[in-house]
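The values are calculated or read from the model by the stated rules, or taken from the named source; none is laboratory data. Keep in mind that what you see is a predicted model, and the values were worked out from it rather than measured. Cβ coordinates were reconstructed from backbone atoms using ideal geometry, including for glycine residues, and neighbour counts include every protein chain displayed.
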Amino acid sequence: MVSLFSMRVPLLLVLLHAVFGSAYRWFNWQYEVTCEAEKFVTPSDEADVVEFLKNEFPKQSHIKVVGNGHGFGNLTTCVDQSLTNKTSYIVSLANLKSLEINKKNMTVTAGAGWDVYDLINVLKENGLSFNHLGAERVQNFVGALSTGTHGTGRYVDNMASQVVALRIVDARGNVKIINEWNNPEELKAFRVSIGALGLITEVTFKVQPTYLLKKTTTVLNATTNYTQLYTDIHDLYKKHDRVTVWGPHFDWDSEAQDWVIEPTFFASYWEPTNYTGVRNCTLNYCANGCGECIKNYICYDEVSDATSAPPQGVCSREFYAEIEHFWPFENFMDVAINYTKFQQSQTPRMRGFDNQEMIFQYRILKGDDSYMSPVNTYNLGPQNSGVFGVLEIDWIQSVNNYTTLWNNQGFAFEFMDKFGYEYNARAHWNKMSPYDPKFTLSAFPKLPEFLKIQEQQDPNCQFVNDFLVNQLGIDRCKEAIGQ
């Protein structure tokens, strides 16, 4: 098998100067999502951000902030200059690197330029840890917050739930402070803003004293009796609060042109520990997602090093397609079985392509009340606990072939159309979510309130792009982006 993180490299912002004019082309991390803007802007501080937006507001210029491009969809695509007669900008806030640590309140205030990896190192140097973290550290921090990035655990929220305050600049260049003391309801909209509400220049988030976790990885046996397979996996979530199941795994049989289930896969679970010995999760090759990881082992480390992979954990680069869906955990068995069977029904259309491996991954996450969080609890019923299951499927290629990548991404889109309404499933923002504003309203009941704030923050539709307009149903902005 290949590594689980072998395709996950640090996000890339690739800017190529055009042969003619002063255009800049942006790509996401694996180059299948791209756009071309006229100008690339890197403000030096918040004052520069304010001045820039004030100058561009009367021109109604298109403005898209990009982080490191770590996404599979087109959430951060700029409005392509070929589709508009207005100036289209790509903006990087990488220079905004202010930092203030308040150990009395156990909060950290960081500028928008920080990446997750660098913030983790600063926290550890100061005896602090994130409350919650995603499985990787390659993202820009604000970008990770704004898209609902998460880890795993029955009592673990997504990263955005740690935010207690932020500074944001609207399209007019006005700075607005949103916090849980003065405008807590608005904070619910701004925590997962998906880039639609303005330029976030600074964020304040909760931290905790450094603590250690024991990570246990155990080998599990696979079977094509999916009822039994997923009953066994479901039982793990009854025993442990914080679990990731890496499997089942399927290999592509090039002769049979079919997926073949691997006989074993593995699960990891984490629990608090009073261990005082050598911190050794990062010393274990598989802790960074590399190598043959289907084996039993135990390690101990600071929470960040025990639960997430740093950029140096990436050991190769290959294209892959991915979905990640959230659904009320009560639907676990039906979701697991029927998603697997539906994927198998797609197999005949995958023949003749450069397939190598397919990995299912299951996690669990506590729901929240952020307006656009994929695990918002607004439409759950009394039968639901408020805990969500998370299913990720990765289609991994044997070579970097765009034809195979786009083919598999097309299949990825089909899962939401098939199961969205049936299981109250929601796609992770920026991970292969098909346009469907009617369903978006169903899964995100606070969408009307979010769009009212969006119009206040962005009256000329300068911050939106094709994805946001069509996914959220922002009809007032269609003409502005050239539709």
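For the reader, a short list of remarks on this structure follows.
- In the range 423-442, residue surrounded by the fewest Cβ atoms within 10 Å (Cβ to Cβ) [restricted to those that are closer than 25 Å to ILE178 by Cα and not polar (S, T, N, Q)]: LEU441
- If the condition is being surrounded by 19 or more Cβ atoms within 10 Å (Cβ to Cβ), in a helix (DSSP H, G or I) and among the polar types (S, T, N, Q), then the range 380-406 contributes only THR404.
- Checking THR152, THR224 one by one, the residue that is in contact (Cβ under 8 Å) with a residue 12 or more places away in the chain, surrounded by fewer than 22 Cβ atoms within 10 Å (Cβ to Cβ) and within 20 Å of GLU392 (Cα to Cα) is THR224 and no other.
- Check on SER92, in contact with a Gly (Cβ under 7 Å, 6 or more places away or on another chain), outside the structural domain of VAL390 (by TED's automatic domain parsing) and under 19 Å from ILE194 (Cα atoms): no
- Selected residue [within 30 Å of LYS238 (Cβ to Cβ) and touching a Pro at 6+ places or on another chain (Cβ under 9 Å)] from LYS214, LYS206: LYS214
- Among residues of the range 441-464, those that are touching an Asp or Glu at 6+ places or on another chain (Cβ under 9 Å), under 19 Å from VAL91 (Cα atoms) and polar (S, T, N, Q), counted: 2
- The requirement of being among the basic types (Lys, Arg) and modelled with pLDDT under 95 is satisfied by LYS431.
- There is no residue in the range 131-146 that is β-branched (Val, Ile, Thr), over 23 Å from SER92 (Cα atoms), assigned to a loop (DSSP other than H, G, I, E, B) and at pLDDT below 95.
- Among the residues of this structure, PHE319 counts as one that is at pLDDT below 95, surrounded by 18 or more Cβ atoms within 10 Å (Cβ to Cβ) and of a type in the set (Phe, Trp, Tyr).
- Any hit, the range 187-197, residues being within 18 Å of the chain's Cα centre (by Cα), over 18 Å from ASP368 (Cβ atoms) and of a type outside the set (S, T, N, Q): yes
- For VAL49, the conditions (1) part of a helix (DSSP H, G or I); (2) at positive phi all hold with the exception of (2).
- The sole residue among ASP368, ASP334, ASP301, ASP354 that is among the charged types (D, E, K, R), exposed (fewer than 15 other Cβ atoms within 10 Å of the Cβ) and either modelled with pLDDT of 90 or more or touching a Leu at 6+ places or on another chain (Cβ under 9 Å) (or both) is ASP334.
- The listed residues are ILE364, ILE393, and the only one of them that is within 21 Å of PHE413 (Cβ to Cβ) and of a type outside the set (Gly, Ala, Ser) turns out to be ILE393.
- Condition check for LYS103: of a type in the set (Lys, Arg) and not assigned by TED's automatic domain parsing to the domain that holds ILE120: no
- Any hit, the range 75-90, residues being crowded, with 19+ Cβ neighbours inside 10 Å, farther than 29 Å from GLN409 by Cβ, modelled with pLDDT of 90 or more and not acidic (Asp, Glu): yes
- Index of the failed condition, GLN60 passing every other in (1) in a loop (DSSP other than H, G, I, E, B); (2) buried (at least 20 other Cβ atoms within 10 Å of the Cβ): (2)
- Of the set (1) part of a helix (DSSP H, G or I); (2) touching a Leu at 6+ places or on another chain (Cβ under 6 Å), all apply to ARG476 but (2).
- Residue match in the range 409-416 (condition: within 15 Å of VAL375 (Cβ to Cβ) and of a type outside the set (Gly, Ala, Ser)): no
- Which listed residue is at positive phi and under 21 Å from the mean Cα position of the chain (by Cα), from ASN408, ASN430: ASN430
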